[in-house]
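Q: This is the structure I have questions about; it appears just below.
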Amino acid sequence: MKSNIAKLILANFIIIFCLNSLLPVFAFQHNSKPSETSNDEEIAGKANSQSLPCQILKTGINLGSKTISANTKQLADIIHITPLLSKIGELRNNPPSDEITLENLAQKQLLFDLIQKTLVIVTKTNFEIDFTLAEIGAERNVYGEILNTFTADRDKMVARSNAMSFYTNGILWAAAEGFDIPTNKHPNLSIPSGTLGIIAGLAPSIFSLYAMHQYNGKKKTSEVEPNMLAKLFGYKTNPTIEYPDSVWTFLNSKQANQNAKLSRKDVLINRWVCDSNISSFTDKNSAKQLDAITASVAQKKGLTIATLTARQEMLQQLAAEIYKMKRMLLEITMVINGEKALND
């Protein structure tokens with residue numbers, strides 16, 4: 001009997017050692033080495049390959065340059081003000097004399113009218129950018145609140161599991177050692193002592209596994225309320241999440257002077273695929289993943305901490321790329337003001 005108990009205790013220690021060795025693997029199985037490549041075509045198929053992603057789609061703007069960047073010139077073409085800027089530049093290069101004549105007054109009036117017309121378009125484009133960013137910000141606020149609730153509930157469950165592990169382990173070991181105290185009348189109490197010792201050893205491992213299971217938090221059916229990511233992946237939209245023409249055309253255009261093969265939108269999507277910080281998004285063609293991330297189609301157990309985190313990160317990066325349009329609008333304004341010239 002004693003030999004059997006000894007075998008059980010030995011087996012218990014082996015099980016505990018193996019489980020404790022495997023837990024770090026389960027906890028960090030999504031971690032990966034950062035990729036050394038930044039080629040958009042290459043990273044497209046390497047899911048979660050970059051743990052330290054770098055900035056993409058730089059504007060190339062130099063405020064000290066006398067001419068605007070190629071990307072700013074591209075934006076001017078998109079919002080159809082390149083001819084206006086060219087005409088403004090011509091008039092500024094050939095200013096009228098101070099002599100008061102009808103021709104000089106007409107030239108000054110024409111310059112004023114062109115500047116006003118161009119500024120109206122620039123202002124409208126700026127508001128279109130703000131219109132898009134406002135909706136993205138509103139969605140991120142909602143997802144952030146849900147994410148905080150899911151995370152808090154997860155942390156409570158993990159804390160309770162850890163507390164139960166400590167309580168049961170301490171009580172069972174105390175009882176086991178109590179049975180093991182030698183007495184003249186009951187020398188065979190070492191049998192229940194060994195049994196309780198085995199249970200005391202297994203209990204923490206069971207609670208630890210349960211805590212790891214709770215790490216991903218709640219899993220609910222994803223909602224059907226499309227967000228600003230929907231259109232990027234070809235899902236149906238509604239007026240609330242529709243993009244203004246200037247912003248949508250900009251996202252679907254290729255970066256200027258970079259020998260770009262992909263549009264800005266596609267480069268951004270590839271970046272999301274390879275970003276290991278967005279672990280739940282690994283395939284841009286996966287309907288199951290996209291349904292949950294875009295909140296377009298209800299998915300059972302699709303609303304999780306991982307999904308909400310992915311939405312938050314993707315929307316934030318999308319906003320960052322759209323914000324870059326404002327840098328280009330500044331250069332356009334400098335052209336209007338005569339501080340820079342078009343880069344023809």
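Each value in this text was obtained by applying a stated rule to the coordinates, not by laboratory testing. Computed from a prediction, not measured in an experiment: that's the story for all the values here. FYI the Cβ positions are ideal-geometry reconstructions off the backbone, even for glycines, and counts take in every protein chain you see.
Q: Please report the spacing between the Cα centers of the stretch 73-147 and the stretch 273-341 in Å, no decimals.
A: Going from one Cα centre to the other spans 26 Å.
Q: Another one. In nm, what is the difference between 0.36 nm times the number of residues separating Val224 and Asp130 and their Cα-Cα distance? Walk me through the numbers on the way to the answer.
A: Working: separation 94, 0.36 × 94 = 33.84 nm, distance 2.51 nm.
Value of the extension gain: 31.3 nm.
Q: With each label point set 7 Å from Cα along the Cα-Cβ vector, what nm distance links Lys108 and Gln316?
A: The answer from the label model is 5.3 nm.
Q: Same structure, new question: Based on the Cβ-Cβ distance of Glu90 and Lys288, what FRET efficiency does E = 1/(1 + (r/R0)^6) give at R0 = 45 Å, to the nearest 0.05?
A: Result of the calculation: an efficiency of 0.20.
Q: Take Leu85, Leu105 and order them by how many other Cβ atoms sit within 10 Å, fewest up front. Spell out each step's value before the answer.
A: Values: Leu85 20, Leu105 11.
Fewest-to-most Cβ neighbours within 10 Å comes out as Leu105, Leu85.
Q: For the stretch 121-126, in order, what is each residue's ³J(HN,Hα) by Karplus, 6.51 cos²θ - 1.76 cosθ + 1.60 with θ = phi - 60°, in whole Hz (x at glycine and Pro)?
A: 5, 4, 5, 4, 4, 4
Q: Any chance you could run the full-extension gain for Lys301 through Lys66? It's 0.36 nm times the residue separation minus the Cα-Cα distance, nm to one decimal.
A: Working: separation 235, 0.36 × 235 = 84.60 nm, distance 5.53 nm.
Gain on stretching Lys301 to Lys66: 79.1 nm.
Q: Which net charge results when you count Lys and Arg as +1 and Asp and Glu as -1 among the other residues whose beta-carbon is under 13 Å from that of Tyr143? Could you put the intermediate results ahead of the total?
A: Numbers: positive: Arg140, Arg311; negative: Glu135, Glu139, Glu145, Glu223, Glu225, Glu313.
Net of charged neighbours comes to -4.
Q: Using 0.36 nm per residue of separation minus the Cα-Cα distance, give me the extension gain between Ala260 and Ile121 in nm, one decimal.
A: Working: separation 139, 0.36 × 139 = 50.04 nm, distance 2.75 nm.
Full extension of this stretch gives 47.3 nm more.
Q: In terms of modelled amide H atoms, which long-range or inter-chain residues lie less than 5 Å from the amide H of Ala341?
A: The answer is Thr67, Ile68.
Q: Please report Val224, Val122 as a ranked list, fewest other C-beta atoms within 10 angstrom at the top and most at the bottom.
A: Listing Val224, Val122 from fewest to most nearby Cβ atoms yields Val224, Val122.
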